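Here's the structure we're looking at; comments come further down.
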Number of protein chains: 6
Amino acid sequence: MILLTRRAEFSAAHFYWVEAWTADENQRVFGKCSNRNGHGHNYVLEVTVCGEPDAVTGFVVDLKEMKDVLEREVVSVYDHRHLNLEVPEFAGRQPTVENIAISVWERLEGKIPQARLYRVRVYEREDLFADYFGEQA
Amino acid sequence: MILLTRRAEFSAAHFYWVEAWTADENQRVFGKCSNRNGHGHNYVLEVTVCGEPDAVTGFVVDLKEMKDVLEREVVSVYDHRHLNLEVPEFAGRQPTVENIAISVWERLEGKIPQARLYRVRVYEREDLFADYFGEQA
Amino acid sequence: MILLTRRAEFSAAHFYWVEAWTADENQRVFGKCSNRNGHGHNYVLEVTVCGEPDAVTGFVVDLKEMKDVLEREVVSVYDHRHLNLEVPEFAGRQPTVENIAISVWERLEGKIPQARLYRVRVYEREDLFADYFGEQA
Amino acid sequence: MILLTRRAEFSAAHFYWVEAWTADENQRVFGKCSNRNGHGHNYVLEVTVCGEPDAVTGFVVDLKEMKDVLEREVVSVYDHRHLNLEVPEFAGRQPTVENIAISVWERLEGKIPQARLYRVRVYEREDLFADYFGEQA
Amino acid sequence: MILLTRRAEFSAAHFYWVEAWTADENQRVFGKCSNRNGHGHNYVLEVTVCGEPDAVTGFVVDLKEMKDVLEREVVSVYDHRHLNLEVPEFAGRQPTVENIAISVWERLEGKIPQARLYRVRVYEREDLFADYFGEQA
Amino acid sequence: MILLTRRAEFSAAHFYWVEAWTADENQRVFGKCSNRNGHGHNYVLEVTVCGEPDAVTGFVVDLKEMKDVLEREVVSVYDHRHLNLEVPEFAGRQPTVENIAISVWERLEGKIPQARLYRVRVYEREDLFADYFGEQA
């Protein structure tokens, strides 16, 4: 078994806010991230699949197809978007780097031909990232 | 004469929009960047000053003071903000990487003790950046 | 379960030396690293915790608290220090990147609120790093 | 147990081609990579070993010896070479990043003194890499 | 005046060889680079243009057009190619990083709408790069 | 004319201290850097030369010779050393990144065959670097 990882990027805006809380509570817990005008990041996404390399092509996954799936299922939906306002799963889920990793997993699971999704890593900045391996991990 | 460069970072949201244009015109010229919900980036700022190293301390500039100036004049104003909505100079100026570099220069000029401002570089992404040397350059 | 990783940095001096050995033996085993005047590195520390994202905040760990713990327990003790001379655990333990990773784990275990410490990674240089998962790994 | 990773690099040429296929089939599956004149990459190799740090030296592995093994077994064979034409294992195996990771593992297994080979990671580009943990993983 | 830089990448094979020299002379001067099977690199190209930001759009150059020019004039010609065998200017010119920078300049000069070409930088590896400013520089 | 830049690295210890000052004055001006046990960095050195590419070889400078000069004149003297205690020029000159850039220039000037030294850049950390162009710049 071998792991194959491909990186993609998207630039998006977000903020953190709990409707049930006062502005002061949101500010106390989320600090600058509670600014409802939003701020943004260059997110880096690393998607890892696992499988056996094909005996003829040497590929675990067709890279062209994998790139198309990432583009169609994630990048075209998240890139140059305001995550809170335009991406459905973040209507009721804070767009933290943890929840983005889970959401990317849910969007990709079962969509990549041939190989099995193994891990989703999302970097919000170079010094902060989350890894998700699905529920069974 | 020697150049000394210090890097800082800020995360912000922005979009491009010309009020005098139709939505179609904005879309045609600015593409995905015309989404008025905004999107965002991890901007990297490199500020370069020039001067002679002090004979005793070996410093062109007091790094602590320089860091404080960058924080007070730029980072605290731009970081975790929506540039179009919250930073005054971008009310009438598109927040392109070119205009951000010019705006940072205008905010810093004459503010750094001892040394002379030489160049402002702003990266919007690792693969796109602008350099500004002031008007005399 | 999700993993959340935060990066921190410290700059420190160190050298390798076994008191029970002759200078020649130290030189033979440790090479340039046996220079007792010390040399130094920009160490990069990646601390990974695991847990479930909070249903309301979306956080596995309060990032502000985690940053404070890293600062108080590790960075303020190691940064701008000579590891052999000023950090107690390296009195009887060579400050190799392996031992620094173990020492950082010991300093952090049980100190990060809410989440469980999962992995400590320490880079001595970009091309050399150690990972420690605690004793049970 | 601790993991220790060391990075190395090599620059090489390669292409993908299945002799049993027509030129059209090769072009359809491999795209630009089927150009038999070859193209190339700066490959980055990360080799991870595991073990206990020596109580006296603090090392899991003698870094000098590990570097010599990587140089002798892999870098001197792959660097500045055309993988398809000059490296024996790629006569009958496409030099994909997956197969390069497996081949590096086979070249290194049992050759690094003291420590056990744990993982081989090969980057073809910064945004594409493979991990191999040997057959038992 | 402001400078705007955009990065692009291409992966290619090359070797160094002077037909008028013996194999020994080629080996002595070019070392491993004289292997006529070729080896390769992930080249990184940084193209800098200069001009005044447009008062309305804030752009020195239309980034979409600039990207199209880089793709059409350079990347589509160099990427996944063997520079010595497939790119006409390297029939009579060694494909060193210096000569690649000059060749990219010659391909781009006068082709980028609105702005003036200022500098071409080419990285062969992260630790080796050339800058060319045209003949008048 | 073309510029060619080559990168090298060295790891060293240093501190800042003015003998004529009290400990309090040193602490006030230099902060944590005044710790006389020393701390350290992975310094990155970028040396740029300029010239015309040779019509036959395509080289501005023989890279092998340039690498040997950097190794002999700078890296072998600075690497794994304590700059204040072991490198003569820092006996009477604070080892700031500005002064290190000047010192590297003085060590290299006139030593690189064929090409002219154009710029020395030294990074103390990724976010702090100095450029020196010699006295005529």
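The values are calculated or read from the model by the stated rules, or taken from the named source; none is laboratory data. As the structure is a prediction and not an experimental result, all values here were calculated from the model. In this analysis, Cβ positions are derived from the backbone assuming ideal geometry, glycine residues included, and neighbour counts consider all displayed protein chains. Areas reflect the complete protein model, heavy atoms only, side chains present, ligands, DNA and RNA absent. Shrake-Rupley method; radii C 1.70, N 1.55, O 1.52, S 1.80 Å.
If you take the Cα atoms of the range D:24-79, find Rg, then find the Kirkwood Rh from the mean of 1/r over all pairs, what is Rg/Rh?
So for the range D:24-79, dividing Rg by the Kirkwood Rh gives 1.27.
Suppose every Lys and Arg Cβ carries +1 and every Asp and Glu Cβ carries -1, with no other charges. What dipole size does chain C come out with about its Cα centre, to the nearest 20 debye? Write down the numbers at each step before the final one.
Numbers: 16 positive and 23 negative charges, 35 e Å.
My answer is approximately 180 debye.
Please list, in chain and number order, the residues 5+ apart from B:His41 or on another chain whose amide H is under 5 Å from its amide H, with Hs placed from the backbone.
The answer is A:Gly40, A:His41, B:Ala12.
What's the ranking of A:9-15, D:32-38 by average number of surrounding C-beta atoms within 10 Å, highest first?
Values: A:9-15: 24.4, D:32-38: 17.9.
The peptides rank, most packed first, as A:9-15, D:32-38.
Taking each label point as 7 Å beyond Cα in the direction of the beta carbon, state the distances from E:Pro88 to the same residue in the other copies, shortest first, in nm.
Result, one decimal in nm: 4.4, 5.3, 5.7, 5.7, 7.5.
If we hang a label 7 Å off Cα along the beta carbon direction at A:Glu9, how far is it from the matching labels on the other copies, in nm, shortest first?
From this label point to the equivalent ones elsewhere in the assembly: 0.9, 1.3, 1.9, 1.9, 2.2 nm.
Out of residues 5 or more away from F:Phe59 or on other chains, whose amide H comes under 5 Å of its own, with H placed 1.01 Å from N in the peptide plane?
For F:Phe59, the qualifying residues are F:Asp54.
Relative contact order (percent) for chain F, with alpha-carbon contacts under 8 angstrom and 6 or more residues of separation?
Once normalised by length, the contact order is 30 percent.
DSSP loop trypsin sites (Lys or Arg not before Pro) in the range A:66-96 with at most 10 other Cβ atoms within 10 Å of their Cβ, which ones?
Here no loop site has a sparse enough neighbourhood.
Sort all Cα-Cα distances of chain B into consecutive 10 angstrom bins from zero, then give the percent of pairs in each bin up to the one containing the longest distance.
12, 40, 29, 13, 5, 1, 0
In Å², and per residue, what accessible area does the range F:1-103 have when probed at 1.4 Å with the other protein chains present?
38
What's the local net charge at D:Asn26, with K and R +1, D and E -1, over the other residues with C-beta under 15 Å away?
For residues surrounding D:Asn26, the net value is -1.
Per-residue HN-Hα couplings for the range D:116-130, Karplus 6.51 cos²θ - 1.76 cosθ + 1.60 at θ = phi - 60°, whole Hz, x for Gly and Pro?
Listing the rounded values in order: 9, 5, 10, 8, 10, 10, 10, 9, 8, 9, 4, 9, 8, 8, 10 Hz.
Can you pull the percent of the protein assembly as shown's accessible area that's carbon plus sulfur, 1.4 Å probe, other chains left in place?
Result for the protein assembly as shown: 47 percent of the exposed heavy-atom area is carbon or sulfur.
Let me know the mean shielding of B:3-10 by other chains, meaning the per-residue number of their Cβ atoms within 10 Å of its Cβ.
Numbers: counts 10, 8, 8, 4, 5, 1, 4, 1.
The mean count of partner-chain Cβ atoms within 10 Å per residue comes to 5.
Considering the options E:Pro95, E:Asn26, E:Ala130, tell which one lies farthest towards the positive end of the dipole of chain E, charges being +1 on Lys and Arg and -1 on Asp and Glu at the Cβ, about the Cα centre.
E:Asn26
Roughly how crowded by other chains is peptide B:120-132, in terms of the mean Cβ count from those chains within 10 Å of each of its Cβ atoms?
Numbers: counts 1, 2, 0, 2, 2, 5, 3, 8, 6, 7, 7, 8, 4.
Counting Cβ atoms of other protein chains within 10 Å of each residue's Cβ and averaging gives 4.
What gaps in nm, shortest first, separate E:Lys64 from its twins in the other copies when you place the label 7 Å past Cα toward the beta carbon?
Label-point distances to the other copies, shortest first: 2.6, 4.2, 5.1, 5.1, 6.0 nm.
Can you give the accessible area buried between chains B and E, summed over both chains, with a 1.4 Å probe, in Å² to the nearest 100?
For B against E, buried area totals roughly 1600 Å².
What does the charge dipole of the range E:71-121 about its Cα centre add up to, to the nearest 20 debye, if the Cβ of each Lys and Arg holds +1 and the Cβ of each Asp and Glu holds -1?
180
Using all Cα-Cα distances in the protein assembly as shown, what percent lands in each 20 angstrom bin from 0 up to the longest?
Pair shares across the bins are 14, 47, 37, 2, 0.
Name the long-range amide H neighbours of A:Arg116: under 5 Å, sequence gap of 5 or more, or other chain; modelled H, no Pro or chain starts.
A:Cys50
So which of E:Lys32/E:Lys111; A:Lys67/D:Lys32; B:Lys64/C:Lys67; A:Lys64/D:Lys67; D:Lys32/E:Lys67; B:Lys32/B:Lys111 end up more than 25 Å apart, counting from Cα to Cα?
Check vs 25 Å cut-off fails for E:Lys32/E:Lys111; A:Lys64/D:Lys67; B:Lys32/B:Lys111.
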